[in-house]
Amino acid sequence: MRPKSANSAYKSRLAEGRGSHKRDPARTREAILRAAKELFSNSDYTSVSLSDVAKQAGVTQSLIHHYFKTKSRLFLYAVHSAMDDHDEGLDAWVAPGLSAPHIIPKAIEGYFRFLGENDQCVRLYRLFDHSLHIDPTLLGSLEDLEKEGETGNRHRLDNLKAAYERVLDLQRNGLLREGVDPKALLLAFLSLVEHWYSSSQRLNHRLIEAIGPEEAGEGVTPEQYLQTVVELFVRGALKK
């Protein structure tokens, strides 16, 4: 009689071998990820079940456990896999040739327009944040995957670290105002840009209701918001 662990491995191999030819593990894994990305990005973490993913991918649920172990790990793999196509969002911070006073406005504008052209990335950010509120244990799963080097987000982390170094350079060269913390500045920049795409519709509606359509018109446009954020950052963070 096979041990339990051997039985599990045997069943996984058996499932992969069903059909007219043996299943390709790499293609199976990619099919599961593709199905998970589609389902999670169009719903939410709690509403999507592993059986839903299995049906969409055309595999057995046991194969999902075989490749990804748990739903939380599959979700995190799916989110990071989908974000792998969006690494260039912070490139303005690390692009060579920008003089110091132009780093912040170019970075804000670049990231703002990047998100405006990548709606799936915005949906994934919303989904990720919402899911972390629903299931705080996801953060622990994310930390485990990062320790294992399995998230595939090394480039994004390197890009963000490089962005932080550029802000530190501004401080070292005496170009940041006193009291401006480089970490907080970078986080504020990311938050203000992403917040437009997550909350502007709701907040614009509130603004119009508060001050009236004659004064507010149709609310704040993306360009008005972008120009205001750039102005606030340049005047508020940099020395004249």
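Remarks
- Cα-based shape type of segment 139-218, given that a ≥ b ≥ c are square roots of the gyration tensor eigenvalues and the cut on a/c is 1.5: oblate
- The phi torsions of segment 125-136, fed into the Karplus equation with coefficients 6.51, -1.76 and 1.60 and a -60° offset, translate into couplings of 4, 4, 4, 5, 4, 4, 5, 5, 5, 6, 10, x Hz, rounded to whole numbers, with Gly and Pro shown as x.
- Between H195 and R172, the simple spin-label model (points 7 angstrom out along Cα→Cβ) gives 3.0 nm.
- For R177, the residues 5 or more places off, or on other chains, whose built amide H falls under 5 Å of its own are L238, K239.
Here, each number is a calculation from the coordinates, and none is a lab measurement. In this text the structure is predicted, and so the values were computed from the model without any measurement. Every residue, glycine among them, receives a Cβ derived from its backbone with ideal geometry; neighbour counts consider all protein chains shown.
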